[in-house]
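Following: one structure in structure tokens, then a few remarks.
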Amino acid sequence: MKPAPFVYHAPTSLEKAVQLLDELEGDVKITAGGQSLLPMMNLRIARPDHLVDLRFLDSLSGVKLTDTHLVVGATTTHRTIETSPVVRRVAPLLSEMASNIGHIPIRERGTIGGSVSLADPTAEFPLASVMLDAEMTLSSVRGTRTVKADQFFHSALQTELAEDEILTSLAFPLADRHSGSAFMEFSRRKGDFCIVGVAALVSVRDGRFDTARIGLCGVSDRPFLSKVAEQLSGEPANEATMTRIADAISAEIEPMTDGRAEIADRRDIARALIKRTLPLAHERAFVAAQGGSQ
Ligand SMILES: Cc1cc2nc3c(=O)[nH]c(=O)nc-3n(C[C@H](O)[C@H](O)[C@H](O)COP(=O)(O)OP(=O)(O)OC[C@H]3O[C@@H](n4cnc5c(N)ncnc54)[C@H](O)[C@@H]3O)c2cc1C
């Protein structure tokens, strides 16, 4: 199918883009990679009157390292994030999660800003942004504001973004160099949105967990950060601890069913994924603590 008629706008500056969002009347939609919105338009689930394309705003694309943060422009593609040596070095969890999104042609076009703005509860980047404490920058004619990732996601497909706002960048605080991370997901076919995904980020000291964060996608209406995982701090980093925490987190989550997997199946998948993800993150943290890299 083809989309319903719309007026296409290709601003070349952020000022012009926010001005368009302020002035245009009717249903005005932003597009970046078009990998979610354009299929919805083709199916006529979305029928915007105006489409504001962000792809020509050079200032919104690319990866920058500051003393304290990794700053990723909103129109940076999944593939750039997956393959960037800088991202791999300072935020390996982000590049590992990027590599699990769809297929390469989707990753070549889809953008991190589009993914977090869409806020699909099974998507990788919303979970990555919460796991890594990202700070989102939002711009409109009214000015610029920043929102922490844990405040950004309201529910499935609902975010803090107002209709006239553009997400311009995500700033990730640089992680402890001695931490290790891992991400694994379960999907019916490679490249599908996952049913459940698990991310783990830990640091170890003297054979014990020092810090630990475990997050899941596909088990809630937004990225889920486990409170139970905080109990890992100070616990011996062995198989018994990791099995106990996997059982506890699978009881902590309150998954929904969406026709793809039943609630009990999601708990089982979450438990199985935690049992694999956590030891891998631990192993990587151990290597990092010895002076190696993940
Ligand atoms: C076959 C297939 C498989 C896929 N598999 C996965 C998967 O496994 N995991 C996954 O996470 N995604 C998957 N996707 C979705 C893909 O990652 C999309 O690229 C992503 O969800 C949206 O990014 P986009 O840049 O294409 O955004 P668009 O489609 O252009 O826009 C998506 C939404 O975000 C809004 N938006 C975009 N950019 C901004 C911005 N900067 N500020 C404010 N609002 C903005 C748009 O208005 C729109 O509502 C898949 C897509 C396909 C077609």
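Just give me the residues in segment 159-195 being under 22 Å from VAL90 (Cα atoms) and small (Gly, Ala, Ser), in sequence order.
Correct list: SER169, ALA171, ALA175, SER179, GLY180, SER181, ALA182.
Quick one: ARG189 ticks every box in (1) farther than 19 Å from ILE81 by Cβ; (2) in the same structural domain as ASP268 (by TED's automatic domain parsing); (3) touching a Lys or Arg at 6+ places or on another chain (Cβ under 9 Å) except a single one, so which number is it?
For ARG189, the exception is condition (3).
Which residue out of LEU70, LEU54 is within 13 Å of the ligand (Cβ to nearest atom) and modelled with pLDDT of 95 or more?
Values: LEU70 fails: within 13 Å of the ligand (Cβ to nearest atom).
When all the criteria are applied, what remains is LEU54.
With respect to ASP176, determine if the residue is touching a Lys or Arg at 6+ places or on another chain (Cβ under 8 Å) and surrounded by fewer than 22 Cβ atoms within 10 Å (Cβ to Cβ).
Values: touching a Lys or Arg at 6+ places or on another chain (Cβ under 8 Å): no; surrounded by fewer than 22 Cβ atoms within 10 Å (Cβ to Cβ): yes.
No: the conditions fail for ASP176.
Residues that are outside any strand (DSSP E or B) and more than 21 Å from the chain's Cα centre (by Cα): does segment 209-226 have at least one? Please lay out each step first, then the result.
Step one: list which residues in segment 209-226 are outside any strand (DSSP E or B), which gives 218-223, 226.
Still in the running and more than 21 Å from the chain's Cα centre (by Cα): none.
Among the residues of segment 209-226, not one is outside any strand (DSSP E or B) and more than 21 Å from the chain's Cα centre (by Cα), which makes the answer no.
Scan segment 84-118 residue by residue and report those that are part of a helix (DSSP H, G or I), over 17 Å from GLY197 (Cβ atoms) and over 13 Å from the mean Cα position of the chain (by Cα).
Restricting attention to segment 84-118, the residues satisfying the condition of being part of a helix (DSSP H, G or I) are 85-90, 92-98, 104-109, 112-118.
After this cut, where a residue has to be over 17 Å from GLY197 (Cβ atoms) as well, the list is 85-90, 104-105, 108-109, 113-114, 117.
Once the filter is applied, which keeps residues that are part of a helix (DSSP H, G or I), over 17 Å from GLY197 (Cβ atoms) and over 13 Å from the mean Cα position of the chain (by Cα), segment 84-118 yields PRO85, VAL86, VAL87, ARG88, ARG89, VAL90, ILE104, PRO105, GLU108, ARG109.
On the given criteria, is SER250 surrounded by fewer than 22 Cβ atoms within 10 Å (Cβ to Cβ) and either within 19 Å of the chain's Cα centre (by Cα) or of a type in the set (Ser, Thr, Tyr) (or both)?
Details: surrounded by fewer than 22 Cβ atoms within 10 Å (Cβ to Cβ): no; either within 19 Å of the chain's Cα centre (by Cα) or of a type in the set (Ser, Thr, Tyr) (or both): yes.
Here the answer is no, as SER250 does not meet what is asked.
Can you tell me how many residues within segment 88-141 are touching a helix residue (DSSP H, G or I) at 6+ places or on another chain (Cβ under 8 Å), of a type in the set (Ser, Thr, Tyr) and more than 7 Å from the ligand (Cβ to nearest atom)?
So the count comes out to 5.
Does any residue of segment 13-33 turn out to be more than 20 Å from ALA162 (Cβ to Cβ) and within 13 Å of the ligand (Cβ to nearest atom)?
For segment 13-33, residues more than 20 Å from ALA162 (Cβ to Cβ) and within 13 Å of the ligand (Cβ to nearest atom): present.
Hey, could you check segment 88-97 for residues that are under 23 Å from PHE224 (Cβ atoms) and either in contact with a strand residue (DSSP E or B) (Cβ under 9 Å, 6 or more places away or on another chain) or in the same structural domain as ALA32 (by TED's automatic domain parsing) (or both) and say which is surrounded by the most Cβ atoms within 10 Å (Cβ to Cβ)? First the steps, then the outcome.
Of segment 88-97, the ones under 23 Å from PHE224 (Cβ atoms) are 91-97.
Retained after the next criterion (residues that are either in contact with a strand residue (DSSP E or B) (Cβ under 9 Å, 6 or more places away or on another chain) or in the same structural domain as ALA32 (by TED's automatic domain parsing) (or both)): 91-94, 96-97.
Numbers: ALA91: 27, PRO92: 21, LEU93: 28, LEU94: 30, GLU96: 20, MET97: 28.
Of everything passing the filter in segment 88-97, LEU94 is surrounded by the most Cβ atoms within 10 Å (Cβ to Cβ).
Which ones in segment 115-127 are buried (at least 18 other Cβ atoms within 10 Å of the Cβ) and not aliphatic (A, V, I, L, M)?
Within segment 115-127, SER115, SER117, PRO121, THR122, GLU124, PHE125, PRO126 qualify.
Of all the residues that make up segment 22-56, how many are aliphatic (A, V, I, L, M), more than 25 Å from the chain's Cα centre (by Cα) and under 19 Å from VAL141 (Cα atoms)? Show your work before the answer.
Start the filter on segment 22-56 by keeping residues that are aliphatic (A, V, I, L, M), which leaves 24, 28, 30, 32, 37-38, 40-41, 43, 45-46, 51-52, 54.
Next cut, more than 25 Å from the chain's Cα centre (by Cα) only: 24, 43.
Within this subset, residues satisfying the condition of being under 19 Å from VAL141 (Cα atoms) are 24.
Residues flagged as aliphatic (A, V, I, L, M), more than 25 Å from the chain's Cα centre (by Cα) and under 19 Å from VAL141 (Cα atoms) within segment 22-56 amount to 1.
Look at ILE112 and say whether it is surrounded by 18 or more Cβ atoms within 10 Å (Cβ to Cβ), touching a residue at least 40 places away in the same chain (Cβ under 8 Å) and either of a type in the set (Phe, Trp, Tyr) or within 19 Å of LEU65 (Cα to Cα) (or both). Show your work before the answer.
Numbers: surrounded by 18 or more Cβ atoms within 10 Å (Cβ to Cβ): yes; touching a residue at least 40 places away in the same chain (Cβ under 8 Å): yes; either of a type in the set (Phe, Trp, Tyr) or within 19 Å of LEU65 (Cα to Cα) (or both): yes.
The answer is yes for ILE112.
Filter segment 34-48 down to the residues that are more than 8 Å from the ligand (Cβ to nearest atom) and in contact (Cβ under 8 Å) with a residue 40 or more places away in the chain and list them by number.
Matches in segment 34-48: ASN42, LEU43, ARG44, ARG47, PRO48.
The values are calculated or read from the model by the stated rules, or taken from the named source; none is laboratory data. Note that this is a predicted model, so its numbers are computed, not measured. When we count neighbours, we look across all protein chains shown, and the Cβ atoms used for this are built from the backbone with ideal geometry, even at glycine.
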